[in-house]
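What follows is calculated from the coordinates using simple rules that are stated; it is not laboratory data. Everything numeric in this text was worked out from a predicted model, so none of it was measured. Ideal geometry is used to build each Cβ from the backbone, glycine not excepted, and the neighbour counts take in all protein chains shown.
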Amino acid sequence: VQLQASGGGLVQAGGSLTLSCAASGRAVGLSKMAWFRRFPGKEREFVAGVGRTGDVGYDDSVKGRFTISRDLDKNTVDLQMTSLKRDDTAVYYCALDLTAYGGIRTYGGAYNYWGQGTLVTVSS
């Protein structure tokens, strides 16, 4: 399985940005996918996730501002980010959880594959 993330960049506070992750490999369509982010000097933390049937979950810090969506035909997952804040500045990673059952998991150890990370910088 390979994950390729894209879409990061520099955006002003209050602006919007969409991250995309393309997945390839076996069993991708049966998996859960998620976005995590890492702030400087900290561990990766869960941002949003989507299951195979479209169920979604968000961290409280992004609810109402970020939207995760998935295209099963294209094996892609997008993260639409709006009303961006300086506190959203981080490296964002897409991740894949091969577990087909159960809900979306919010801890990094549950995910089997990771993309390379894409930097989002929000300026004031």
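Go through 106-114, 16-24 and give me the packing order, highest mean Cβ count within 10 Å leading.
Sorting 106-114, 16-24 by mean packing, highest first, produces 16-24, 106-114.
Work through the residues other than S123 whose Cβ is under 13 Å from its Cβ and net out their charges, Lys, Arg +1 and Asp, Glu -1.
Spelling it out: positives minus negatives among the neighbours equals 0.
Report the paramagnetic label zone for K85: residues of the range 1-43 whose backbone N is under 14 Å from a point 7 Å from Cα along the Cα-to-Cβ axis.
13-15
Given 0.36 nm per residue, what is the gain on full extension from V56 to Q12 after removing their alpha carbon distance, in nm?
Extending this stretch completely gives an extra 13.2 nm.
Find the relative contact order for the chain and round it to a whole percent, using C-alpha pairs within less than 8 Å whose residues are 6+ positions apart.
The value is 37 percent.
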